[in-house]
Amino acid sequence: MTTLDTGQKLAPRASFFNDPVIRGIIYQVVVAVLLIAFISWIIGNTAANLAAQNKTTGFDFLWKTAGFDISFSLLPWSRASYYWEAFLVGITNTLLVAIIGIVLATMLGFTIGIARLSSNFIVSSLATVYIEVIRNVPLLLQLFFWYFAVLKAMPAVRESITLPFDAFINQRGIMVPRPTPDQEFTWVMVAIVVCLVAAIAIGVWATRIRTRTGRYPASIVLAGKFGDACVTLLVGFTALAILLNAVYPVANGTVIAAIVAAAIAAASVTRFAPIARGVMTFAVAFVILNFMIGGMLSWLSPVVTSAGAALIALVMASVVYTNATERPPSDARFPLALLILIVVAIPALIYWVTGATLAFEVPVLERFNFRGGVQLPPEFVALVFGLTIYTAAFIAETVRAGIQSVNRGQTEAAQSLGLKDGDRLRLVIVPQAMRVIIPPLTSQYLNLTKNSSLGAAIGYPELVNVFAGTSLNQTGRAIECIFMVMLVYLTLSLLTSAIMNWYNGRVKLVER
Amino acid sequence: MTDIGFVRSAMTDARPAPRRTSGVGAWLRKNLFATPSDAVLTVLGVIFLLWVVPPLFNFLFGHAVGPNGTVEECRMPEAGACWAYISSEMEFFIYGFYDIPQHWRPNIVFALGALLLVPLMIPKAPFKRVNAVLFLFVYPIVSYILLAGGVFGLTPIPTEKWGGLLVTLIISVVGITLSFPLGIILALGRQSKMPVIKTLCVAFIELIRAVPLITILFMASIMLPLFMPQGMTVDKLLRALVGVTLFTSAYMAEVVRGGLQAIPRGQYEAAASLGLSYWKQMYFIILPQALKHVIPGIVNNAIALFKDTSLVYIVGMKDLLEAVKTKNDTALEWQSANTATTGYIFAAMVFWVFCFGMSRYSMYMERRLNTGYKR
């Protein structure tokens with residue numbers, strides 16, 4: 001007898017119930033049926049419960065007058081506003097806190113993450129202590145601490161603490177001056193934007209030329225020297241003027257500062273540039289350090305703190321001097337000073353030419369409260385503060401993991417190519433680390449946004465507080481309110497992961 | 001003989017001995033003063049420490065009022081932390097409004113928990129299986145009977161009276177132990193080839209992970225009673241437990257999925273070729289390897305859950321944070337400038353000890369289990 005070989009694989013013989021395909025179908029049908037039964041049971045119960053409580057359902061309440069106050073809102077809000085407006089106010093308040101928090105947390109987190117990898121024992125220990133303390137304490141507790149123990153414990157309005165730049169802090173939050181730009185100031189704003197775009201364009205163009213030819217174009221190099229001198233003049237003059245007027249008052253301090261700064265600026269285009277940079281570093285560092293150390297260790301005598309500041313500034317100046325002597329020739333250097341000059345000087349010129357004024361409405365203490373200025377409520381300040389500090393600890397860990405994930409061989413390879421430390425980080429390590437850092441970083445941003453809902457506990461009117469709290473209690477439409485709130489977060493989350501997937505597709509390693 | 005110019009005729013001078021690479025001096029040089037910039041950072045760091053540490057030390061210890069102090073000392077203008085407040089309210093922070101004569105019951109629960117958990121965590125301790133069964137199945141029942149009462153002549157104590165650290169620990173332990181198996185099932189479901197089950201699991205996981213815990217808790221506390229048949233009430237603690245468990249299980253599922261994806265295909269195929277059923281493949285071959293990979297992730301979730309238990313405060317539960325806040329706001333006999341700060345610092349220290357302990361334990365386990373992969 002011959003067997004018929006049709007070339008097709010016959011399914012292995014199994015009884016009907018042991019066939020994996022059949023089994024899979026049966027399992028799925030069972031699960032689906034159970035789920036449908038469960039959901040209809042829930043819906044039935046809910047309908048019965050709602051009927052028993054004489055409650056109606058539907059989204060018609062959105063067009064009813066809300067009738068409650070919202071303490072902090074970017075959009076116009078009054079008691080006569082509708083519920084859908086409350087919904088929008090909640091979303092904007094959530095987004096406001098989230099965006100500010102994300103920017104601040106990223107800056108703090110990257111700083112601490114890099115500090116944790118520092119070879120300096122004290123710096124890395126400080127970063128480690130920060131991360132381990134902050135990460136292991138609940139965010140809600142930290143918010144309570146900032147809100148109830150710090151901001152609510154501030155003095156009453158009459159005894160407000162005065163901060164620099166006409167800001168005040170008291171129980172009711174932080175009062176800051178409100179900028180009141182006039183008509184002409186619009187041109188300055190336009191100029192700033194245009195100059196920023198122009199500066200970036202010049203930078204990109206110059207870098208392209210350098211990539212192609214090996215050196216920056218001659219015009220840029222020349223302009224760069226000019227920019228260098230101007231920036232040196234400005235910064236040097238500011239530092240020296242402060243030094244000679246505020247720290248060690250000298251007769252005609254401003255004039256002397258101007259002359260010295262001009263001399264340094266002139267030297268910065270000659271071959272004495274390293275010395276000029278050293279002197280300037282010393283002046284700037286000394287002014288900053290003198291203020292900082294004097295303020296932090298006020299129990300030391302000013303002579304000691306000044307001497308310490310001078311010593312540290314001297315070391316920093318010597319480091320800058322040494323680096324400056326080893327700098328590449330000027331046609332191989334990125335013209336950073338020129339770009340700074342463009343962004344700062346042209347708007348300043350327009351400000352001066354058009355006679356625009358940027359006045360500030362300073363908060364003034366009246367009988368019961370401050371008038372004028374912008375009032376940042378303590379709930380807002382506490383939430384931004386808490387979210388920033390908490391998320392920065394997680395971002396720092398993400399950054400550290402990302403940088404450590406780059407193979408040591410990459411560092412060694414970059415060194416053997418002769419790249420300097422800065423170029424090695426910028427061109428080899430960071431691009432590879434970013435690929436590892438970005439995805440968890442985004443999920444930290446998402447976490448921060450979700451965690452902003454804890455503002456509900458300290459009375460910041462964000463989405464959950466306004467909508468799943470007040471609106472829900474007033475209307476009794478629990479299902480609708482919670483559904484809408486969840487939908488907002490779901491949309492944000494899906495949007496983020498869509499962007500993330502696109503990014504991952506772009507940067508992932510192309511392998512065989 | 002021709003002069004071969006490039007061959008040395010004299011010995012070179014001996015090089016100077018290398019710098020010491022051990023000892024205090026070398027350590028200082030390497031870690032604090034490697035370069036001038038490093039030295040500047042070190043000095044600035046020391047200045048920062050000098051600025052921060054003395055006031056902090058004075059607040060916490062130097063000028064603080066000890067546990068036996070009085071409120072008058074706490075109200076002195078220069079007084080630091082008021083530890084007397086903490087020690088006098090400690091009972092409330094641990095048990096909440098739990099009947100004071102019945103405090104022995106939570107105490108037994110705490111002791112039993114420690115007694116069962118510690119040998120479970122020490123790798124060398126024997127009787128792991130018995131221990132685990134006792135901890136996971138017997139202990140919860142015993143604890144519930146002890147805490148709630150109502151049988152064996154124990155006075156019934158409603159869950160509304162439970163509070164403080166007791167509730168924090170109950171929610172986190174129950175949340176972690178229940179969300180772990182639930183997370184594994186969800187992760188396996190997500191990997192499943194059956195479209196209905198896969199879609200369900202994916203939808204559940206992504207939905208839960210996209211929204212904040214608060215909204216889940218709101219949902220559990222407001223909508224769960226609506227979902228139940230009429231006349232059936234759901235205990236408030238149970239509502240919080242359901243919310244927290246569902247929330248954490250979605251995160252657990254993602255962690256476990258990471259572990260499952262790290263297992264090479266060959267392992268699945270080998271398991272299948274042994275003729276094992278699906279659940280046996282998972283139980284004997286896949287999960288033991290997968291879970292080992294993701295211990296850090298699991299513990300991170302446990303830590304996150306432990307911290308997140310504080311959120312039940314928002315839906316009106318009485319956990320440790322609520323107890324501290326209540327006393328801060330209402331204990332008029334302890335009112336002073338630093339009372340609230342001290343209360344929050346105390347709560348932070350309790351949370352910190354638990355979370356830090358968990359993270360260190362996970363690092364220890366990771367090192368222990370990592371032996372096979374060490375290079």
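Output the residue which, of all residues in the range A:40-74 that are in a helix (DSSP H, G or I) and exposed (fewer than 11 other Cβ atoms within 10 Å of the Cβ), is modelled with the highest pLDDT.
A:SER40
Taking B:TYR95, is it modelled with pLDDT of 85 or more and within 30 Å of B:LEU178 (Cα to Cα)?
yes
Table: residues versus (1) modelled with pLDDT of 80 or more; (2) closer than 22 Å to A:ALA317 by Cα; (3) more than 7 Å from chain A (Cβ to nearest Cβ).
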position	(1), (2), (3)
B:TRP27	yes, no, yes
B:ASP38	yes, yes, no
B:LEU41	yes, yes, no
B:GLY45	yes, yes, no
B:LEU50	yes, no, no
B:VAL53	yes, no, yes
B:PHE57	yes, no, yes
B:GLY62	yes, no, yes
B:PRO67	yes, no, yes
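Only one residue in A:ILE169, A:ILE131 is in a helix (DSSP H, G or I), more than 10 Å from chain B (Cβ to nearest Cβ) and of a type in the set (A, V, I, L, M, F, W, C). Which one? Walk me through it before giving the result.
Working: A:ILE169 fails: in a helix (DSSP H, G or I).
Criteria check complete, one pass: A:ILE131.
Among the residues of the range B:328-345, write down those that are buried (at least 20 other Cβ atoms within 10 Å of the Cβ) and more than 10 Å from chain A (Cβ to nearest Cβ).
B:TRP334 - this is the single residue of the range B:328-345 that is buried (at least 20 other Cβ atoms within 10 Å of the Cβ) and more than 10 Å from chain A (Cβ to nearest Cβ).
Can you name the helices (runs of 4 or more DSSP H) wholly within the range B:134-252 that have at least 2 residues being modelled with pLDDT of 85 or more and farther than 28 Å from B:MET358 by Cβ?
B:195-210
Can you tell me how many residues in the range A:493-512 are part of a helix (DSSP H, G or I) and either at pLDDT below 85 or more than 8 Å from every other protein chain (Cβ to nearest Cβ) (or both)?
Looking only at that region, the number is 13.
Residues B:ALA17, B:ALA84, B:ALA34, B:ALA79: which one is within 13 Å of chain A (Cβ to nearest Cβ) and at pLDDT below 85? Spell out the reasoning first.
Details: B:ALA17 fails: within 13 Å of chain A (Cβ to nearest Cβ); B:ALA84 fails: within 13 Å of chain A (Cβ to nearest Cβ); B:ALA79 fails: within 13 Å of chain A (Cβ to nearest Cβ).
Step by step, each of B:ALA17, B:ALA84, B:ALA34, B:ALA79 is checked, and only B:ALA34 is within 13 Å of chain A (Cβ to nearest Cβ) and at pLDDT below 85.
Does the range B:197-235 hold any residues that are among the charged types (D, E, K, R) and either within 10 Å of chain A (Cβ to nearest Cβ) or surrounded by 21 or more Cβ atoms within 10 Å (Cβ to Cβ) (or both), and which are they?
Listed by number, the residues that qualify are B:LYS198, B:GLU206, B:ARG209.
If you go through the range A:259-277, how many residues are crowded, with 17+ Cβ neighbours inside 10 Å and assigned to a helix (DSSP H, G or I)?
Total meeting the criteria: 10.
Just the residues that are within 7 Å of chain B (Cβ to nearest Cβ) and of a type in the set (Lys, Arg), please, taken from the range A:139-155.
Listed by number, the list is empty, since nothing qualifies.
What helices (runs of 4 or more DSSP H) completely inside the range A:331-416 contain at least 3 residues that are touching a residue at least 24 places away in the same chain (Cβ under 8 Å)?
Of the helices (runs of 4 or more DSSP H) lying wholly inside the range A:331-416, those with at least 3 residues that are touching a residue at least 24 places away in the same chain (Cβ under 8 Å) span A:336-354, A:378-405.
Does any residue of the range A:471-479 turn out to be basic (Lys, Arg), surrounded by fewer than 17 Cβ atoms within 10 Å (Cβ to Cβ) and modelled with pLDDT under 85?
Step one: list which residues in the range A:471-479 are basic (Lys, Arg), which gives A:477.
Checking which are surrounded by fewer than 17 Cβ atoms within 10 Å (Cβ to Cβ) leaves us with none.
No, that holds for no residue.
Provide a single number: the residues in the range A:190-214 that are free of Cβ contacts under 8 Å to residues at least 24 places away in the same chain and either closer than 29 Å to A:GLY373 by Cβ or surrounded by 17 or more Cβ atoms within 10 Å (Cβ to Cβ) (or both).
2
Can you name the condition, by its number, that A:VAL137 falls short on among (1) touching a Lys or Arg at 6+ places or on another chain (Cβ under 8 Å); (2) at pLDDT below 80?
In the conditions (1) touching a Lys or Arg at 6+ places or on another chain (Cβ under 8 Å); (2) at pLDDT below 80, A:VAL137 misses (2) alone.
Within the range B:115-127, can one find any residue that is of a type in the set (A, V, I, L, M), touching a strand residue (DSSP E or B) at 6+ places or on another chain (Cβ under 8 Å) and within 30 Å of A:LEU140 (Cα to Cα)? Before the answer, list the steps.
From the range B:115-127, those of a type in the set (A, V, I, L, M) are B:115-118, B:120-122, B:125; that's our starting set.
Checking the rest, the ones that are also touching a strand residue (DSSP E or B) at 6+ places or on another chain (Cβ under 8 Å) come to none.
No, that holds for no residue.
Please determine whether any residue of the range A:419-437 is farther than 26 Å from A:ILE389 by Cα, more than 14 Å from chain B (Cβ to nearest Cβ), polar (S, T, N, Q) and in a helix (DSSP H, G or I).
yes
Of B:ALA125, B:ALA79, which residue is of a type outside the set (Ser, Thr, Tyr), out of contact with any Ser or Thr (no Cβ under 7 Å at 6 or more places or on another chain), part of a loop (DSSP other than H, G, I, E, B) and crowded, with 16+ Cβ neighbours inside 10 Å? Can you show your working first?
Numbers: B:ALA125 fails: crowded, with 16+ Cβ neighbours inside 10 Å.
The conditions single out B:ALA79.
Pick from A:THR180, A:THR211, A:THR162: which is assigned to a helix (DSSP H, G or I) and not aliphatic (A, V, I, L, M)?
A:THR211
The values are calculated or read from the model by the stated rules, or taken from the named source; none is laboratory data. These figures come from a predicted structure and were not determined experimentally. Backbone-built Cβ (ideal geometry, glycine too); neighbour counts: all protein chains shown.
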